[in-house]
Amino acid sequence: MTSGLVERHIAFLEALRGAGLSVSLAEGLDAVAALSALPWDQRETVHAAYAATLLKKQSQRPTFDALFDVYFPRLVGEGAGREETDEGVRDNGQALAEFRERLAEALADGDQEALARLAVEMVARFGAMPGRGPGLSSWSAYTALQRVSPAELTARIVQGLLAQQSTEGRTEEEATRLAGRRIGSFTRLVEDDARRRIAEEKGPEHVADVAIRPTIDRLDFTAARKSDLEEMRREIYPLARRLATRLTQEHHAKRRGPLDFRRTVRASISTGGVPLVTHHRPKRPHRSELVVLCDVSGSVANFAQFTLLLVFALRDQFQKVRAFTFIDHVHEVTEHFKPGADVADVMAELAASTSHAALWGRTNYGRAFTKFMEEHSDALGPKASLLILGDARSNYSDLALDTLRAMERDTRHAWWLNPEARRHWDTGDSVAGRYGEIVAMVECRNLTQLGEFVHDIM
């Protein structure tokens, strides 16, 4: 592990780039210039300087903060309370009860300094992985949280908060929400300290590669947690606005049609036959129709929903958009995407409509394609483009390859977006290769890839 400040600075920038943040050479130099004018002995000042010079949007902040804590830890060494772990504290119920008592009191009081110390102590006492031996310990925030179970202290924390009601006027519901937020913040402190300890043993590069989650726009749909999904929903419409602006600029730059040779030659007469100015025929605007067919089974439901939201946020770029969902049966959901509809309402309606897309409950691409052609073949045509969303995992059912060929043949363009990593294609029940021979299949695992694909097809 490198110890020099310059080496640590360079390694930190490389880790940020590896996590999906675009950090240019100029921005790295800006950070150095800012740090040269600030005191290095104040960690929060260093943190603020890096953030001011390297960050471009708020969605990058969680990843940035996690990597900063790994490369510039607030604590070096074993940390508070480590001496007590050799006394069999993990099996000492009285010691655990005493620690939980102190934790509940600190959470009720909202004492940030005490909570930071308790997070360090908690990992030291309850987060060591067994059987590693002296000098070979590894640390687990999950193990520490399972042993202490801060969430089980919610009732006691709420009681403590309500005891302060005379001065703060909280209701029980408000106190419960506040207790949940404080427990969540404390959980993140525990996770941060576990990462710090692992980084001391194995180096920050190991933690950056393994334990740091990428930025929300590069996080895989299939790996997203509930809190990540909420953040992704907030990103959909800003992403759509950026794409619409970019498309408008590109269409404006390409607005000229083919060269009008006759007008150009005629105009050159006034300049001695030299065509100083070229004339072009007006470009005919073309907007295609789009048909979206989505697998909404549990493994890919989030990916399908976000793709639908983005497509309908950009519906003005298309002449017409129709959307269908399926598991083993096809159901049209175009009606749910009304102009100005709330994202949360649309997502709830899509989730509720999933039951209409399943008869037997198991994904069956062959049956879905057949039903689509039987009931909705009018959606396809020479002006329509077909977009299929799904992981191409067929549960070993009939593939209906001839039906898919007919669908591809009846459309102007056809694409298939697969949210799985390409290395997982054609493993198990995946038939990505066979479907990919008929319809061009594209890996699309996150918002960044999704945005680029939608831009390219438009």
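To two decimal places, what compactness ratio does the stretch 6-46 give when its Cα radius of gyration is scaled by 2.2 N^0.38 Å? If you can, show how the numbers build up before the last one.
Details: Rg = 10.8 Å, N = 41, 2.2 N^0.38 = 9.0 Å.
This ratio for the stretch 6-46 stands at 1.20.
What net charge is computed for the residues neighbouring Thr363, neighbours being all others with C-beta under 12 Å from the C-beta of Thr363, Lys and Arg scored +1, Asp and Glu -1? Don't skip to the answer; put the middle values down first.
Working: positive: Arg362, Arg367, Arg393; negative: Asp295, Asp328, Asp391, Asp429.
Net of charged neighbours comes to -1.
Send over a whole-number figure in Å² for the accessible area per residue of the stretch 369-458, probe 1.4 Å.
Details: 3980 Å² over 90 residues.
Heavy-atom SASA per residue in the stretch 369-458 reads 44 Å².
Which aspartates and glutamates have a Cα lying under 16 Å from the Cα of Lys56, excluding residues fewer than 8 positions away in the same chain?
Glu27, Asp30, Asp65, Asp217, Glu235
Need the list of aspartates and glutamates near Lys320 for cross-linking: C-alpha distance under 15 angstrom, and skip anything on the same chain fewer than eight residues off.
Glu289, Glu332, Glu335, Asp378
The values are calculated or read from the model by the stated rules, or taken from the named source; none is laboratory data. Because the structure is predicted, anything quoted here is derived from the model rather than measured. In this analysis, Cβ positions are derived from the backbone assuming ideal geometry, glycine residues included, and neighbour counts consider all displayed protein chains. Protein only, heavy atoms only, side chains kept; ligands, DNA and RNA dropped before computing areas. Shrake-Rupley method; radii C 1.70, N 1.55, O 1.52, S 1.80 Å.
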